[in-house]
1. Could you check the stretch 143-170 and list, in sequence order, the residues that are hydroxyl-bearing (Ser, Thr, Tyr) and either without any contact (Cβ under 8 Å) to a residue 24 or more places away in the chain or within 15 Å of Ala123 (Cα to Cα) (or both)?
2. Find the residue count for the stretch 62-92, including only residues that are touching a Gly at 6+ places or on another chain (Cβ under 9 Å) and in a loop (DSSP other than H, G, I, E, B).
3. How many residues, within the stretch 141-199, are part of a strand (DSSP E or B) and either surrounded by fewer than 18 Cβ atoms within 10 Å (Cβ to Cβ) or not small (Gly, Ala, Ser) (or both)?
4. Does Asn129 satisfy being at pLDDT 95 or above, at positive phi, part of a loop (DSSP other than H, G, I, E, B) and in contact with an Asp or Glu (Cβ under 6 Å, 6 or more places away or on another chain)?
5. Just checking, does the stretch 30-40 include any residue being part of a loop (DSSP other than H, G, I, E, B), surrounded by fewer than 19 Cβ atoms within 10 Å (Cβ to Cβ) and among the charged types (D, E, K, R)?
6. With the requirement that a residue be part of a loop (DSSP other than H, G, I, E, B) and surrounded by 23 or more Cβ atoms within 10 Å (Cβ to Cβ), what does the stretch 43-59 give you?
Amino acid sequence: MRQSKKSIELSYFAHPTAIIDEDCTIGAGTKIWHFSHLMSSCTLGNNCNLGQNVVVSPKVTLGNNVKVQNNVSIYTGVICEDDVFLGPSMVFTNVINPRSAVNRRGQYSKTLVKKGASIGANATIVCGNDIGEYAFIGAGAVVTKEIPAYALVVGNPSRQIGWVSEYGHRLEFDTANVAECPESHQKYTLENNSVSRIE
């Protein structure tokens, strides 16, 4: 394993089987587990956790406290903000029309996964479709369009079936279009098919 020149000195943990290419930036408290590969010029924030067999491609950015479960490849063009959860074997893409015989390097579509969003096991995110803050993508879903904040989506192709709180509980709105999270007791309002937290 080659140590990153930009890393905070020994402030992160990497399993001996992990490979870290040059010019990666790795935040304090981050853990990188068995057989994972961080490619050049990627950036990981503080307190991230990368499970086994995770690949982070060049120029990918992960915010703070991002949890990446086993067997996930995060391709160039993907940005994950703070507190994002990527479930086991979920899939990103970064080319909309890949062909083996056609070189499309440098034509990568961008995908932004916003703060607090969760993507379930074996879900697929078709590139160019951003995931809103605290959205919840169900296991096995195939996302083919942009997902709004706090949306709960399932299926192939994915469809929205409700809304969730920042703690991941389904929200039930009353006649005044207000809902309360049963765990945090935070309140939310639904207006014009958009959910926001009441501060």
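1. Going through the stretch 143-170, the residues hydroxyl-bearing (Ser, Thr, Tyr) turn out to be 144, 150, 158, 165, 167.
Thr144, Ser158, Tyr167 - these are the residues of the stretch 143-170 that are hydroxyl-bearing (Ser, Thr, Tyr) and either without any contact (Cβ under 8 Å) to a residue 24 or more places away in the chain or within 15 Å of Ala123 (Cα to Cα) (or both).
2. 16
3. First, pick out the residues of the stretch 141-199 that are part of a strand (DSSP E or B): 142-143, 147, 151-154, 159-164, 170, 178-180, 187-191, 194-198.
Okay, now just the ones that are also either surrounded by fewer than 18 Cβ atoms within 10 Å (Cβ to Cβ) or not small (Gly, Ala, Ser) (or both), so 142-143, 147, 152-154, 159-164, 170, 178, 180, 187-191, 194-198.
Here the count works out to 25.
4. No.
5. Here is the first cut: in the stretch 30-40, the ones part of a loop (DSSP other than H, G, I, E, B) are 30, 33-36, 39-40.
Keeping just the survivors that are surrounded by fewer than 19 Cβ atoms within 10 Å (Cβ to Cβ) gives 33-35, 40.
Those left that are additionally among the charged types (D, E, K, R): none.
No, the stretch 30-40 contains no residue that is part of a loop (DSSP other than H, G, I, E, B), surrounded by fewer than 19 Cβ atoms within 10 Å (Cβ to Cβ) and among the charged types (D, E, K, R).
6. Restricting attention to the stretch 43-59, the residues satisfying the condition of being part of a loop (DSSP other than H, G, I, E, B) are 45-48, 51-54, 57-59.
The answer is Cys48, Val54.
The values are calculated or read from the model by the stated rules, or taken from the named source; none is laboratory data. Just so it is clear, the model here is predicted, and its values are computed rather than measured. Glycine gets a Cβ as well: all are built from the backbone with ideal geometry, and neighbour counts include every protein chain shown.
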